[in-house]
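K.L.:
Okay, here's the structure, questions in a sec.
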Amino acid sequence: MRFVLNGNTVSLDVSGSRRLLDVLREDLRLTGTKEGCGEGECGACSVLIDGEVVNSCLVAVGQVEGCNVVTVEGLAAPDGTLSHLQQTFIERGAAQCGICTPGMLLATHALLEQNPRPSEDEVRVGLAGNLCRCTGYTKIIDAVVACRM
């Protein structure tokens with residue numbers, strides 16, 4: 001199995017039926033992607049597959065053969081410097097317990113790639129697949145609005 005992960009080609013000898021979430025966390029040690037519900041409802045396990053936000057708990061790793069996959073780790077620079085988006089989430093208090101944060105960041109990244117200046121309503125729609133119990137969404141929406149390009 002081969003695919004591009006955070007800009008690097010990876011080759012794995014794993015069953016194609018395993019969940020992408022498990023392969024990322026267990027085999028590749030990329031633990032930024034979280035398991036919240038395991039049913040595709042919360043968005044904590046969101047990754048980008050060919051630029052689209054996808055719940056990795058619902059994707060068999062065999063489905064990403066030849067694809068470009070980005071996890072939250074892929075948003076930072078190779079030297080570990082946080083992206084502007086990640087730094088803004090921290091500065092605005094949008095990251096609290098941390099379970100939803102990776103999915104929120106990836107959904108926001110995808111939203112800003114498609115719409116660099118979303119309205120607050122467009123931000124709400126763009127993040128609709130990601131649940132948060134801590135922030136009440138206000139700080140997350142503020143952070144996204146602050147990141148508008």
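The values are calculated or read from the model by the stated rules, or taken from the named source; none is laboratory data. Note that this is a predicted model, so its numbers are computed, not measured. All Cβ positions, glycine included, derive from the backbone under ideal geometry; neighbour counts span all protein chains shown. Protein only, heavy atoms only, side chains kept; ligands, DNA and RNA dropped before computing areas. Shrake-Rupley method; radii C 1.70, N 1.55, O 1.52, S 1.80 Å.
K.L.:
Can you spot a residue in segment 50-70 that is open to solvent by 40 Å² or more (accessible area, probe 1.4 Å), over 16 Å from the mean Cα position of the chain (by Cα) and in contact (Cβ under 8 Å) with a residue 60 or more places away in the chain?
P.N.:
Yes: segment 50-70 contains one or more residues that are open to solvent by 40 Å² or more (accessible area, probe 1.4 Å), over 16 Å from the mean Cα position of the chain (by Cα) and in contact (Cβ under 8 Å) with a residue 60 or more places away in the chain.
K.L.:
If you don't mind, another one. Tell me which of these C97 doesn't satisfy, since it passes every other one: (1) touching a strand residue (DSSP E or B) at 6+ places or on another chain (Cβ under 6 Å); (2) assigned by TED's automatic domain parsing to the domain that holds A128; (3) more than 20 Å from G126 (Cα to Cα).
P.N.:
Here C97 clears every test but (1).
K.L.:
Of all residues in segment 2-28, which are part of a loop (DSSP other than H, G, I, E, B), touching a residue at least 60 places away in the same chain (Cβ under 8 Å) and touching a strand residue (DSSP E or B) at 6+ places or on another chain (Cβ under 7 Å)?
P.N.:
N6
K.L.:
For segment 103-120, enumerate the residues that are open to solvent by 40 Å² or more (accessible area, probe 1.4 Å), assigned to a helix (DSSP H, G or I) and over 14 Å from D142 (Cβ atoms).
P.N.:
Once the filter is applied, which keeps residues that are open to solvent by 40 Å² or more (accessible area, probe 1.4 Å), assigned to a helix (DSSP H, G or I) and over 14 Å from D142 (Cβ atoms), segment 103-120 yields H109, E113, Q114.
K.L.:
Checking T135 against (1) over 13 Å from the mean Cα position of the chain (by Cα); (2) at pLDDT 90 or above; (3) open to solvent by less than 60 Å² (accessible area, probe 1.4 Å); (4) outside the structural domain of L20 (by TED's automatic domain parsing), which single condition isn't satisfied?
P.N.:
Answer for T135: the failing condition is (2).
K.L.:
Same structure again: May I ask you to verify whether T88 is part of a helix (DSSP H, G or I) and over 18 Å from T33 (Cβ atoms)?
P.N.:
yes
K.L.:
Being open to solvent by 40 Å² or more (accessible area, probe 1.4 Å), in contact with a helix residue (DSSP H, G or I) (Cβ under 6 Å, 6 or more places away or on another chain) and not charged (D, E, K, R) is true for just one of A143, A44, A95. Which residue is that?
P.N.:
A95
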